[in-house]
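Report on the following structure.
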Amino acid sequence: MLKPVPLLIIGGGAAGLFAGCRAGERGLGALILERKHKPGRKVLMCGNGRCNLTKDIPPAQMLRDMGEPMATFLAPALETLPPAAVQSWFQQHNVLLKKMEDRRVFPRSELASDVVHALTDALRDTGTALCLNAPVEGVERAEEGFHVVTAHFSVLARHVLIATGGVSYPKTGSVGDGQKFAKALGHSLKPYRPGLIGFVITHPWIDAHGGTTFEQASFRVFRSGQKIYEGQGQMDCETWGVGGAAAYNASRCVARQNLNDFEIEWTVGRDTVRVRNPETRPLKEAIVTIGGVPLNEVDPATMESRKCPGLYFAGEVMDIDGPTGGYNLTAAFATAALAVESITKTGGRDGSPSRPPYVAHAGAADVSGKRHSLHKPHGYTFQRKGLK
Ligand SMILES: Cc1cc2nc3c(=O)[nH]c(=O)nc-3n(C[C@H](O)[C@H](O)[C@H](O)COP(=O)(O)OP(=O)(O)OC[C@H]3O[C@@H](n4cnc5c(N)ncnc54)[C@H](O)[C@@H]3O)c2cc1C
């Protein structure tokens, strides 16, 4: 008789790795299946390899900056894991941090790989298994939870957390599989749109400034002549148009509001340029994906599916996006933390966690005074394909 894994996490990116760490810390046996040969490939790209982990602002401000529908949906998640707790977690896991003037937080080393190492070290130390090169192909309802199927084996799981990301930068592994699994289990899907992306523009000003980065540009969006967005930040003038944080955040406003007829305008020094209805770069180049699993189909208090009990979501697989500045990683970590907290509260459905809770440092004693071995085997059984 196969023993179901209490929590099967699909995807070893920002949300999946963090969920695995939190599950391990709480003694909830978890297994992560990751399609690529390395975990956290998109995290490694974050902030141009420097990884803007979070922003050191109160949750209420973060929610305001993200806007609706994220603000309402993410409030419980950010209460579980506010930006200050993201910082504490990484500091406790040996990632020294530095804060920029605008409150963005980076590893002091400016190495995104330090963030991924902290996550994978924590998985190891809490005894959470991470299985690489294991693309999940399907998730089916089973009597005691779910059957999660890969090309070579299947796993019985009491709870499943889908943390497969959006659909941009598909080479990092996020190709939209989780959205397909959600659909097969009864969810609808919101159409995809690029969330933070450059505008493709043909204009003499672009010809004159191609290849220049402007540290401070102001960027505006107009609808029917009315200004509906204004922001400041870095702007990269490329040969194809404009990118950089200032342009990306403006593009998010255009995409979130589904604008078909609009103008964008930027000011750099004495130059102001206005352009009507520019195209954006393709979705595969977006920093974040808008669309995916609709937020009204997920319980914001638990991250559990409203369509399929026992199924949970974390990160960009849902219709969540934020501006540049550490918002998107924070949302991935916070939704992961909330999902694990909710699953732990249900005690893996049978009322008790499968293992004693992890205590943060090797050899440390828990409240009962008992010392833990940090590498307890789980004792779950994989079923090899073809072997019944
Ligand atoms: C260039 C770039 C720079 C960015 N910089 C920042 C930044 O500095 N700060 C910030 O806050 N955000 C940044 N972001 C956004 C941030 O990286 C994402 O929002 C975040 O990684 C989303 O986390 P996630 O876990 O939902 O998805 P991902 O991190 O994309 O992880 C999804 C994982 O699921 C795996 N997976 C997919 N399908 C399957 C399957 N079938 N079976 C098994 N595994 C599967 C994938 O291989 C992948 O590892 C950046 C994004 C990009 C593209």
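Using the 10 angstrom Cβ neighbour count as an exposure proxy, how do Leu119, Leu31 rank, fewest first?
Leu31, Leu119
Just going by the charge dipole of segment 198-280, with Lys and Arg at +1 and Asp and Glu at -1 on Cβ, which of Gln216, Asn277, Thr239 is farthest out on the positive end?
Checked the options; the winner is Asn277.
Could you give the radius of gyration (one decimal) and Dmax (whole number) of the Cα atoms in the chain, in Å?
21.5, 73
List, in order, the whole-Hz ³J(HN,Hα) value for each residue of segment 15-24 obtained from phi through the Karplus relation with A = 6.51, B = -1.76, C = 1.60 and θ = phi - 60°; use x for Gly and Pro.
Each residue of segment 15-24 in turn: 5, x, 5, 5, 4, x, 5, 5, 4, x Hz.
Order the peptides 317-330, 12-25 from the highest to the lowest mean number of other Cβ atoms within 10 Å of their residues.
Top to bottom by mean Cβ count within 10 Å: 12-25, 317-330.
I'd like the Karplus ³J(HN,Hα) series for segment 204-209: coefficients 6.51, -1.76, 1.60, θ = phi - 60°, whole numbers in Hz, and an x wherever there's a Gly or Pro.
x, 5, 5, 4, 6, 10
Taking segment 3-77 as the region of interest, what is the percent of Cα-Cα pairs per 10 angstrom bin, listed from the shortest bin to the one with the maximum distance?
17, 32, 39, 12, 1
Roughly how large, in nm² to one decimal, is the mean projection of the convex hull of the alpha-carbon atoms in segment 87-129?
The number I arrive at for segment 87-129 is 3.0 nm².
I need Ser168, Ser113 ordered by Cβ neighbour count within 10 Å, fewest first.
Taking fewest neighbouring Cβ atoms as first place, the list is Ser113, Ser168.
I'd like the FRET efficiency for Val149 and Ile228, computed as 1/(1 + (r/R0)^6) with the beta carbon distance as r and R0 of 35 Å, rounded to 0.05.
Rounded to the nearest 0.05, the efficiency is 0.15.
Grab the DSSP H runs of the chain that are 4 residues or longer, score each as -39,500 (n - 2.57), total them, divide by all residues and round the 222 nm result to the nearest 500 deg cm²/dmol.
After summing the helix terms and dividing by the residues of the chain, the value is -8000 deg cm²/dmol.
Which Cys in the chain stand alone, with every other cysteine's Cβ at 4.7 Å or more from theirs?
For the chain, the answer is Cys21, Cys131, Cys237, Cys253, Cys308, because their Cβ atoms have no other cysteine Cβ under 4.7 Å.
Set the bar at 30 Å for Cα to Cα. Now go through Lys55/Lys171; Lys3/Lys38; Lys99/Lys227; Lys98/Lys183; Lys99/Lys345 and name every pair that lies beyond it.
With Cα atoms farther than 30 Å apart: Lys99/Lys227; Lys98/Lys183; Lys99/Lys345.
Rule-of-thumb check for segment 249-297: C-alpha Rg over 2.2 N^0.38 Å?
That works out to 1.42 for segment 249-297.
Given the convex hull of the Cα atoms of segment 198-280, what is a quarter of its surface area in nm²?
4.6
Counting other beta carbons within 10 Å of each Cβ, put Leu295, Leu161, Leu8, Leu63 in order, fewest first.
Going from least to most buried by this count: Leu295, Leu63, Leu8, Leu161.
Under the rule of at least 5 residues apart or a separate chain, name every residue whose amide H is placed under 5 Å from the amide H of Gly13.
Gly40
Just to confirm my numbers, what's the Cα centroid distance between segment 47-105 and segment 290-308 in Å?
About 21 Å separates the Cα centre of segment 47-105 from the one of segment 290-308.
Rg to Rh ratio, segment 1-132, alpha-carbon atoms and Kirkwood radius?
Looking at segment 1-132, the ratio lands at 0.99.
Given H placed on each backbone N at 1.01 Å, which residues far from Gly29 in sequence or on other chains put an amide H within less than 5 Å of it?
Answer set, sorted by chain and number: Ser354, Arg355.
Counting only DSSP beta bridges with both residues in the chain, tell me the antiparallel percent, nearest 5.
Given both bridge residues lie in the chain, the antiparallel proportion sits at roughly 75 percent.
Let me spell out the model: positive unit charges on the Cβ of Lys and Arg, negative unit charges on the Cβ of Asp and Glu, origin at the Cα centre of the chain. What dipole size does that give, in debye rounded to 20?
Charge dipole, the chain, about its Cα centre: 980 debye, nearest 20.
In segment 145-204, what trypsin sites (Lys or Arg not before Pro) fall in a loop by DSSP, with at most 10 other Cβ atoms inside 10 Å?
none
On average over all directions, what projected area in square nanometres does segment 58-154 have, based on the convex hull of its Cα atoms?
The Cα convex hull of segment 58-154, projected and averaged over all directions, gives 9.3 nm².
Apply the Karplus parameterisation 6.51 cos²θ - 1.76 cosθ + 1.60, with θ equal to phi minus 60°, to every residue of segment 278-293 and state each ³J(HN,Hα) to the nearest whole Hz, in sequence, with x for glycine and proline.
x, 6, 10, 5, x, 3, 5, 9, 6, 6, 9, 9, 8, x, x, 5
Rule-based calculations on the coordinates, nothing more; no lab input. Here the structure is a predicted model, which is why all the values come from computation and not from measurement. For neighbour counting, all protein chains shown are included, and Cβ atoms are generated from backbone atoms with ideal geometry for every residue, glycine included.
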